[in-house]
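Data first, discussion second: the structure below is written as structure tokens.
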Amino acid sequence: DQQVKQNSPSLSVQEGRISILNCDYTNSMFDYFLWYKKYPAEGPTFLISISSIKDKNEDGRFTVFLNKSAKHLSLHIVPSQPGDSAVYFCAATMNYGGATNKLIFGTGTLLAVQP
Amino acid sequence: DTAVSQTPKYLVTQMGNDKSIKCEQNLGHDTMYWYKQDSKKFLKIMFSYNNKELIINETVPNRFSPKSPDKAHLNLHINSLELGDSAVYFCASSQPGGGRDEQFFGPGTRLTVL
């Protein structure tokens, strides 16, 4: 049962345009969401996050939008650059209590930014 | 100046063998994790340790045994390797802060079982 879904395995955009990556989740208990970026042969690196008490979080060229009623979030990259080409993972978590946390990941979207 | 490091990066072995993957973090974090990314690219948590204590065990076969000698290290030992164990294994660490911690990942270890 996949609780976090990224239905687009790949996305291709032109340099300078907007990239929109989508993510859906099913567990209404999730209250914190993260986006990770992954280059080949490297580990995922944290990009941006959002708490469920917000509907938008912005960091430079990256903005994450959260629609709780639709259980949907999206990552916008503006303007897209060739160096943004990577696999983007959406992840979700909740307050499990204790001093640890587990991330539930989507299957990723491969973004290709064409020069 | 690597934050989370794993060794080896690649591991090729025969079915039935026992192997270990080592992980070290120099971030001073209290919590470490092991994730498995299978052939379908699905990244799933296996274990979590906080200050050397096992916190999360996600119904992983008991052939997998994590060991944390100190809070900077979390090693993964796998007994009697099976074909289905072939995957990329990622170590990660975080410093919990109200459960809203970002996790820092190592580069991964690609395990191939023949």
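Below, the figures for the structure above:
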| quantity | calculated |
| --- | --- |
| Among residues of the stretch A:24-57, those that are more than 30 Å from B:K9 (Cα to Cα) and within 14 Å of chain B (Cβ to nearest Cβ), counted | 10 |
| Filtered residue count, the stretch B:11-67, keeping only those that are among the β-branched types (V, I, T), assigned to a strand (DSSP E or B) and away from chain A (no Cβ under 11 Å) | 3 |
| Unique match (being farther than 23 Å from A:Y32 by Cα, of a type in the set (S, T, Y) and surrounded by fewer than 13 Cβ atoms within 10 Å (Cβ to Cβ)) among B:T59, B:T13 | B:T59 |
| Candidate set: the stretch B:77-97, residues that are within 16 Å of B:N26 (Cα to Cα) and surrounded by fewer than 21 Cβ atoms within 10 Å (Cβ to Cβ); chosen: the one modelled with the highest pLDDT | B:Q95 |
| Residues (of a type outside the set (S, T, N, Q) and farther than 15 Å from A:A70 by Cα) located in the stretch A:1-31 | A:D1, A:P9, A:L11, A:V13, A:E15, A:G16, A:R17, A:I18, A:I20, A:L21 |
| Residue in the stretch B:67-76 that is loosely packed, with under 13 Cβ neighbours inside 10 Å, over 22 Å from A:Y36 (Cα atoms) and without any contact (Cβ under 8 Å) to a residue 24 or more places away in the chain present | yes |
| From the options B:L54, B:L43, B:L76, B:L27, residue that is closer than 20 Å to B:L114 by Cα and among the hydrophobic types (A, V, I, L, M, F, W, C) | B:L76 |
| Which numbered condition B:I45 misses (of (1) buried (at least 20 other Cβ atoms within 10 Å of the Cβ); (2) out of contact with any Pro (no Cβ under 7 Å at 6 or more places or on another chain); (3) at pLDDT below 90) | (3) |
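The values are calculated or read from the model by the stated rules, or taken from the named source; none is laboratory data. Keep in mind that what you see is a predicted model, and the values were worked out from it rather than measured. FYI the Cβ positions are ideal-geometry reconstructions off the backbone, even for glycines, and counts take in every protein chain you see.
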